[in-house]
Amino acid sequence: MYDVSIIGCGIIGSAIAYELSKYKLSTVIIEKENDVAMGATRANSAIIHAGYDPLPGTLMAKLNVRGNALCKELCEKLAVPYAQIGSLVLAFSDEEVDTLNELYDRGVKNGVPGMKILSYDEAKAIEPNIADNVKAALYAPSAGIVNPWEFALALAETAVRNGTEIMFNSPVESVNKKDGYYEIVCGDKTVTSKYVVNAAGVGALAIRDMVLPHSYDSLPSKGEYYLLDKSEGDRVSHVIFQCPTASGKGVLIAPTVHGNLIVGPNSVSCEEGDTSTSADDLAFVRNSALKSVPSTNFRANIRNFAGVRPNTSSNDYVIDCDDGFFEAAAIKSPGLASAPAIAEYVVDMMKQNGVELIEKDSFIDTRKHVRFKELSHEEREKIVKEDPLFGRVICRCETVTEGEIVEAIKAPITPYTVDGIKRRCGAGLGRCQSGFCGPRVLEILSRELGLPPEKIEKDKTGSYIVKKRRT
Amino acid sequence: MTELTCIGCPMGCRLTVDEENDYAVTGNSCKRGEIYGKNELKNPTRVLTSTVAITGGIHDRCPVRTKDAIPKGKLFDAMEIIKKTEIQSPVKCGQVIIENILDTGIDVIASRDM
Amino acid sequence: MYELAVIGGGPAGLAAAYSAYTNGVKKIVILERDKELGGILNQCIHNGFGLHRFKEELSGPEYAHRFIDMLKDTSVEVRLDTMVIDITPEKKIYTDNPSGYDVIEAESIVLAMGCRERTRGAISIPGTRPSGVFTAGAAQRYLNMEGLMAGSRVVILGSGDIGLIMARRLTLEGAKVLACVELMPYSGGLTRNIVQCLHDFDIPLYLSHTVTEVRGDKRLTGVTVAKVDENRRPIPGTEMDFDCDTLLLSVGLIPENELTRAAGIEMDPRTNGAYVFENMETSIPGVFACGNAVHVHDLVDFVSDESSRAGVAAAAYIKGEKHGGDAIPFKNGSCVTYTVPQKLHKNTTAEKTDVFFRVNKVFSKSRIVVSDENGVIASFNRPFMAPGEMQHIIIPTNKLKGSESITISAEEATQQ
């Protein structure tokens, strides 16, 4: 019997696990996929929003602004790539200038620091590639960019270092209320725990419906993206938004922490697991982006992808509890920025509702991630001397060494897939999209895990890469 | 008259072969084209390249090829034999791996040192 | 301190190093990231290499070994398993190797990094992102070097040579190749490969078609192929579905020039390679480039030739023959997409100038015209030209030296 089981290991589940691992509790995370952050967390705009979008007084407003500050702290502490680059919302008409003013007022009420309305000239001075017909822009210096995937990994990994367990490949089939505890059935495995935390992202409503009466609807919505080569990485230096509409914050253009340029998303309602892209939708994204930054070179595209937002009929996050069943659901944008604050809020709610929280005497709250590419010449010399594996570059595009890949495999949360390595180390993230390093990463995984090559998968369970040669 | 594209070299000359006139070839830029044009209609042949399993080498597979072209119709049968072949390092480039494959009179040779 | 450092031990690097050596340069180092020399040739086990150079039909590894053998008893040093991380304009080279992170200095550098394959992202194929979508070269490496099959029911997008070669190779290994799909109305590969890789095995080639959707949540389960109009846009209603577990992409090659760009060398957006002079020198004097890092070649034989010229030029540079000064640019005329070289040193001593270029459409009887501001300098008749086949002309240099700029164009031959 665990004290707490957390369903879902995306950014929300990971952040809650991290927060709970500070206390003397036995905790297990139950994840249906084979790695952390396989849902909305891995396919989004990778933005830490400043917090001027949500309506004042909502949970979303409060947790976004608080989360924004916490993200920065956590990323520094846990070696997660993050940069506070600020954001601009562009207005192209007088009506949109009115919207900027409204956003500004909301931001002030929400407690967003340092915002300014910039004239065209002021905006153009700090962001020269924006369109000439921009009328004004809302500048928010606290907006940032992050590697969302590594953010979730870092939180989950730190939780594991502090004693949390994770079960992968465990889709939850039923949650049964027993006398003073819950029984969670996932395939042939059954987990029992005193408390349950539902952080299942797009799947959260299905979990809730197993326990509580149906009270809101799931309305998943897909967002499609372009990821452009590093040659486009300095096209803009802030997160560039357009004015929000009823369907969301619209298409943005932003540098990524890896030095690429991300463009997207649109918003199309979809089935829960539908991460396909379509030519028409991508054309819409492209054309929308060109309105903000006309010189964006889409010929430098290296990847398209889509993510599914866990949107619901609720306008705000749904964070509540009922008899030991805690829920952090409907965490749509700005969920990534809000995540650490949501975790704090949930843990506080648990405390209010009788969960005994006694702080651990020792809590590991640091993390190391060697990135060879970012080391100085002297540091590189030293690390290769210590471990020759750092002397073998596997991914040419991103300069990722075998040493980094082996370290990732030996970390507390073992990756079993080529994409798992990509997300951890960046190998295959670059312009050749693992054309060269894919076979070598597969070879390293096969060697380190003691599995034959045909058992190494690309991504989700079932995504085998090669077959044995017929003899 | 049959029109063919010569595969004798990457130039890809467009050949015309006249079956009624002793397979006379026109359109070729060299002797190879003439030979190819005639053969392709009389007895088409291809060089077969593949790999065999090797132990003790820098890779697990050693590339091999037929020393000369073999009848086109025998490619798949030849593959069956090549697939079952296992060799031990070291081998030298040009070393015979399978002698006289399918009685074609053509050997399969290693196409690198390993 | 080396006289010459060659970045890359594939066919370009090997030929450049060897010709520099035979032209008197003794302190040469080849820096190769793989564990053996030969580059991509090691996985190109098919035959057809070397007809021009050696008058023989060799496999890729055999071709590479001709050069590796030539280098055997020379003073050329080879560092394997060595990745060049950075090159500075001062010709310092930072390298990573399991035995140490090192900095090498050289008087002259030859850039011979080769090229990489265009990917799914570069052509934005919509759909899901399952496993089973490979570049043709990656599938080739799996099969020929590691004995692993990419899949069993295969569709190939692009009729580039690697894709065609893989169609045959996978078929011989027991896979079913369902179709080869080409966006353009003509094939991107050599005609001989269409014949011996597709026709021989009854694999249909769909010209003016493309893949419009990728399906499958985990592993690829199928693709949709549609006909395209003259603007290369899919035509609704022409869709065909293929059930397949593998999609190979053979949709073009891009010169690898991250090091070149980082060193601040001037690049040509048409080739994605460095701007080079007639002696393969880049915008940094003493830094030369050759092979597929400069422009993508059809035949390795031509890579070797070009790289030998780069090696000779590097040797001349090391001996003190410096160029610099004014240059005459080559320009694209009608139907020409790029030229290499892009510039001619006015003070060159070469008697002949080799110019390579590609045309943007299929020509039957045609003419290549070299002209400058005063009119036609030279013209060359060609029975056939296609975008898939690189064109090569040789012009006496003295005919070019008086020009402000030189334009290369292609045109249909006028009927008599």
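The values are calculated or read from the model by the stated rules, or taken from the named source; none is laboratory data. Just so it is clear, the model here is predicted, and its values are computed rather than measured. Cβ placement follows ideal geometry from the backbone for every residue including glycine, while neighbour counts extend to all protein chains displayed.
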Is it fair to say C:V376 is exposed (fewer than 14 other Cβ atoms within 10 Å of the Cβ), assigned to a strand (DSSP E or B) and of a type in the set (V, I, T)? yes
Can you confirm whether the stretch A:260-280 contains a residue that is without any contact (Cβ under 8 Å) to a residue 12 or more places away in the chain, closer than 21 Å to C:T212 by Cα and either touching a Ser or Thr at 6+ places or on another chain (Cβ under 8 Å) or among the aliphatic types (A, V, I, L, M) (or both)? yes
Applying the selection to the stretch B:25-47, what residues are within 13 Å of B:A69 (Cβ to Cβ) and either of a type in the set (A, V, I, L, M, F, W, C) or within 14 Å of chain C (Cβ to nearest Cβ) (or both)? B:R32, B:I35, B:Y36, B:N39, B:E40, B:P44, B:T45, B:R46, B:V47
I'm trying to understand the selection: among the residues of the stretch A:214-254, which are closer than 24 Å to C:I123 by Cβ and among the β-branched types (V, I, T)? A:V251, A:I253
Could you pull out the residue among B:D68, B:D22, B:D60, B:D18 that is of a type outside the set (A, V, I, L, M, F, W, C), on the phi < 0 side of the Ramachandran plot and away from chain C (no Cβ under 11 Å)? B:D18
Residue check, B:I35 closer than 30 Å to B:D18 by Cα, surrounded by 14 or more Cβ atoms within 10 Å (Cβ to Cβ), hydrophobic (A, V, I, L, M, F, W, C) and in the same structural domain as B:I7 (by TED's automatic domain parsing): yes
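Would you mind finding the one in A:P113, A:P54, A:P81 that is farther than 26 Å from A:A154 by Cα and either in contact with a helix residue (DSSP H, G or I) (Cβ under 8 Å, 6 or more places away or on another chain) or surrounded by 24 or more Cβ atoms within 10 Å (Cβ to Cβ) (or both)? Outline the logic, then answer.
On the way: A:P113 fails: either in contact with a helix residue (DSSP H, G or I) (Cβ under 8 Å, 6 or more places away or on another chain) or surrounded by 24 or more Cβ atoms within 10 Å (Cβ to Cβ) (or both); A:P81 fails: farther than 26 Å from A:A154 by Cα.
Criteria check complete, one pass: A:P54.
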Within the stretch B:22-80, restricting to residues that are among the small types (G, A, S) and in contact with a helix residue (DSSP H, G or I) (Cβ under 6 Å, 6 or more places away or on another chain), the one that is farthest from C:M149 (Cα to Cα) is B:A78
Which of the residues spanning the stretch C:163-219 are β-branched (V, I, T) and under 19 Å from C:S152 (Cα atoms)? C:I165, C:T171, C:V177, C:V181, C:I203, C:V211, C:V214
Give the residues of the stretch A:97-136 that are assigned to a helix (DSSP H, G or I), among the polar types (S, T, N, Q) and without any contact (Cβ under 8 Å) to a residue 60 or more places away in the chain, sorted by residue number. A:N101, A:N110
Only residues in the stretch A:173-188 that are on the phi > 0 side of the Ramachandran plot count as the first member; pair them with residues that are not charged (D, E, K, R), Cβ under 9 angstrom, at least 6 apart or cross-chain, and list the lot. A:G180/A:G324; A:G187/A:N169; A:G187/A:S170; A:G187/A:P171
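Here are C:D69, C:D73, C:D34: which of them is surrounded by fewer than 19 Cβ atoms within 10 Å (Cβ to Cβ), away from chain B (no Cβ under 12 Å) and among the charged types (D, E, K, R)? Before the answer, list the steps.
Details: C:D69 fails: away from chain B (no Cβ under 12 Å); C:D34 fails: away from chain B (no Cβ under 12 Å).
That would be C:D73, the only listed residue that is surrounded by fewer than 19 Cβ atoms within 10 Å (Cβ to Cβ), away from chain B (no Cβ under 12 Å) and among the charged types (D, E, K, R).
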I'm trying to understand the selection: among the residues of the stretch A:417-471, which are in contact (Cβ under 8 Å) with a residue 40 or more places away in the chain, among the basic types (K, R), in contact with a Phe, Trp or Tyr (Cβ under 9 Å, 6 or more places away or on another chain) and under 25 Å from C:T171 (Cα atoms)? A:K458
Looking at C:I254, is it hydrophobic (A, V, I, L, M, F, W, C), assigned to a loop (DSSP other than H, G, I, E, B) and surrounded by fewer than 22 Cβ atoms within 10 Å (Cβ to Cβ)? no
Neighbours by Cβ (under 6 Å, 6+ apart or cross-chain): first from the stretch C:159-176, in the same structural domain as C:V211 (by TED's automatic domain parsing); second assigned to a loop (DSSP other than H, G, I, E, B) and charged (D, E, K, R): C:S159/C:E182; C:G174/A:R470
What do you reckon, is A:V370 out of contact with any Leu (no Cβ under 6 Å at 6 or more places or on another chain), within 14 Å of another protein chain (Cβ to nearest Cβ) and in a loop (DSSP other than H, G, I, E, B)? yes
Counting only residues that are in a strand (DSSP E or B) and crowded, with 21+ Cβ neighbours inside 10 Å, which one in the stretch C:229-250 is farthest from the chain's Cα centre (by Cα)? C:T246
Give me the residue from the stretch C:188-202 that is farther than 11 Å from C:G163 by Cβ and assigned to a loop (DSSP other than H, G, I, E, B) and, out of that set, nearest to the other protein chains (Cβ to nearest Cβ). C:L190
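If you scan the stretch A:414-471, which residues turn out to be among the hydrophobic types (A, V, I, L, M, F, W, C), part of a helix (DSSP H, G or I), over 24 Å from A:K32 (Cα atoms) and more than 10 Å from chain C (Cβ to nearest Cβ)? Let's see the steps before the verdict.
First, pick out the residues of the stretch A:414-471 that are among the hydrophobic types (A, V, I, L, M, F, W, C): A:418, A:421, A:425, A:427, A:429, A:432, A:436-437, A:441-442, A:444-445, A:449, A:451, A:456, A:465-466.
Those left that are additionally part of a helix (DSSP H, G or I): A:418, A:421, A:425, A:437, A:441-442, A:444-445, A:449.
Narrowing further to those that are over 24 Å from A:K32 (Cα atoms): A:437, A:441, A:444.
Those that are among the hydrophobic types (A, V, I, L, M, F, W, C), part of a helix (DSSP H, G or I), over 24 Å from A:K32 (Cα atoms) and more than 10 Å from chain C (Cβ to nearest Cβ): A:V441, A:I444.
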From A:G354, A:G324, A:G335, grab the single residue that is touching a strand residue (DSSP E or B) at 6+ places or on another chain (Cβ under 6 Å) and small (G, A, S). A:G324
A:H377 is checked against (1) facing chain C (nearest Cβ under 9 Å); (2) buried (at least 23 other Cβ atoms within 10 Å of the Cβ) and fails just one. What number does that condition carry? (2)
Out of the residues in the stretch A:214-240 meeting the condition of being over 15 Å from A:G264 (Cα atoms) and in contact with a Cys (Cβ under 9 Å, 6 or more places away or on another chain), tell me which one is surrounded by the most Cβ atoms within 10 Å (Cβ to Cβ). A:P220
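Show me the strands (runs of 3 or more DSSP E) entirely contained within the stretch C:87-145 in which 2 or more residues are more than 7 Å from chain A (Cβ to nearest Cβ), farther than 20 Å from C:N257 by Cα and in contact with a Phe, Trp or Tyr (Cβ under 8 Å, 6 or more places away or on another chain). Full working, then the answer.
Numbers: elements: C:92-97, C:100-111, C:115-117, C:133-135.
Ranges flagged: C:100-111.
Right, A:V65: at negative phi and surrounded by fewer than 19 Cβ atoms within 10 Å (Cβ to Cβ) or not?
Working: at negative phi: yes; surrounded by fewer than 19 Cβ atoms within 10 Å (Cβ to Cβ): no.
For A:V65, the condition - at negative phi and surrounded by fewer than 19 Cβ atoms within 10 Å (Cβ to Cβ) - is not met.
Of everything in the stretch A:259-276, what is part of a loop (DSSP other than H, G, I, E, B), within 14 Å of chain C (Cβ to nearest Cβ) and in contact with a Leu (Cβ under 9 Å, 6 or more places away or on another chain)? Give them in sequence order. Outline the logic, then answer.
First, pick out the residues of the stretch A:259-276 that are part of a loop (DSSP other than H, G, I, E, B): A:259-260, A:265-267, A:270-276.
Now drop any that are not within 14 Å of chain C (Cβ to nearest Cβ), which leaves A:259-260, A:266, A:270-276.
Within the stretch A:259-276, A:N260, A:N266 meet the criteria.
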Among the residues of the stretch A:235-247, is there at least one that is touching an Asp or Glu at 6+ places or on another chain (Cβ under 8 Å) and in a helix (DSSP H, G or I)? no
Read through the list (1) modelled with pLDDT of 95 or more; (2) under 23 Å from the mean Cα position of the chain (by Cα); (3) not hydroxyl-bearing (S, T, Y); (4) not in a helix (DSSP H, G or I), then give the number of the only condition that A:P294 fails. (2)
